[in-house]
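Q: My structure is below; once you've seen it, I'll send some questions.
The values are calculated or read from the model by the stated rules, or taken from the named source; none is laboratory data. Remember, predicted model here, so these are calculated numbers, not experimental data. Ideal geometry is used to build each Cβ from the backbone, glycine not excepted, and the neighbour counts take in all protein chains shown. The protein model used for the area step is the full one, side chains on, heavy atoms only, and it has no ligands, DNA or RNA in it. Shrake-Rupley method; radii C 1.70, N 1.55, O 1.52, S 1.80 Å.
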Amino acid sequence: MDDSFGLKTAADRGITLGEVGQKVLLENEFIRVWEVRLEPGQTHDFHIHDHPYLVVSLGGGENEIETIFGKKIPTQEPIGSFVFINEMRAVHRLTNKSNVTYLSRLIEIKAVTWNAN
């Protein structure tokens, strides 16, 4: 079985995947808008995205994405920055590495659903 997205690895480690954000702010048939808020040093649970998504930073700075395979990817997400992800990526978690609160809106595009299996 191909485990390029890390679902088997997560299951083998007993990791239950979390949601992509902490709170749904809006949802309809087209989009789902999540709030992601991390205090300095806080980590958001391992998760995987099933849809393309746009992240808009409302505050923050340096973050780190860590994949289930241990790869660490530094990111800079100052207020007003944004990124659009249009491809499925491995299970990962996000840690706020800065000394300020990170706050964003993650907007999932529900018209496309990815399948990791």
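Q: Please indicate, with yes or no, whether at least one residue in the range 60-74 is of a type outside the set (Gly, Ala, Ser), assigned to a loop (DSSP other than H, G, I, E, B) and in contact (Cβ under 8 Å) with a residue 24 or more places away in the chain. Can you show your working first?
A: Residues of the range 60-74 that are of a type outside the set (Gly, Ala, Ser), as a first pass: 62-69, 71-74.
Now drop any that are not assigned to a loop (DSSP other than H, G, I, E, B), which leaves 68-69, 71.
Within this subset, residues satisfying the condition of being in contact (Cβ under 8 Å) with a residue 24 or more places away in the chain are 68-69.
Yes.
Q: Here is a further query. Pull up the range 43-64, narrow it to residues that are among the acidic types (Asp, Glu) and open to solvent by 50 Å² or more (accessible area, probe 1.4 Å), then point me to the one that is nearest to Thr16 (Cα to Cα). Don't jump to the end; show me each part of the working.
A: Here is the first cut: in the range 43-64, the ones among the acidic types (Asp, Glu) are 45, 50, 62, 64.
Applying the additional criterion that residues be open to solvent by 50 Å² or more (accessible area, probe 1.4 Å) yields 45, 50, 62.
Details: Asp45: 9, Asp50: 16, Glu62: 26 Å.
Step by step, filter the range 43-64, then rank; the result is Asp45.
Q: Checking the condition in contact (Cβ under 8 Å) with a residue 12 or more places away in the chain and in a loop (DSSP other than H, G, I, E, B), which residue from Ser98, Ser104 passes? Give the steps one after another, and end with the answer.
A: Values: Ser104 fails: in a loop (DSSP other than H, G, I, E, B).
It is Ser98.
Q: For Gly6, state whether it is at positive phi and not aromatic (Phe, Trp, Tyr). Step through it out loud before you land on a result.
A: Values: at positive phi: yes; not aromatic (Phe, Trp, Tyr): yes.
The answer is yes for Gly6.
Q: Follow-up. Of all the residues that make up the range 18-42, how many are touching a residue at least 40 places away in the same chain (Cβ under 8 Å) and open to solvent by 60 Å² or more (accessible area, probe 1.4 Å)? Walk me through how you get there before you give the answer.
A: Here is the first cut: in the range 18-42, the residues touching a residue at least 40 places away in the same chain (Cβ under 8 Å) are 20-21, 25, 29-42.
Those left that are additionally open to solvent by 60 Å² or more (accessible area, probe 1.4 Å): 25, 29-30, 37, 39-40, 42.
Adding up the residues that qualify gives 7.
Q: Pick out the one residue from Arg37, Arg13 that is under 19 Å from Val83 (Cα atoms) and not polar (S, T, N, Q).
A: Values: Arg13 fails: under 19 Å from Val83 (Cα atoms).
Step by step, each of Arg37, Arg13 is checked, and only Arg37 is under 19 Å from Val83 (Cα atoms) and not polar (S, T, N, Q).
Q: Do you know which residues across the range 65-85 are out of contact with any Gly (no Cβ under 9 Å at 6 or more places or on another chain), among the charged types (D, E, K, R) and either under 17 Å from Gly18 (Cα atoms) or surrounded by 15 or more Cβ atoms within 10 Å (Cβ to Cβ) (or both)?
A: If the condition is that a residue be out of contact with any Gly (no Cβ under 9 Å at 6 or more places or on another chain), among the charged types (D, E, K, R) and either under 17 Å from Gly18 (Cα atoms) or surrounded by 15 or more Cβ atoms within 10 Å (Cβ to Cβ) (or both), then Glu66 is the only one that fits.
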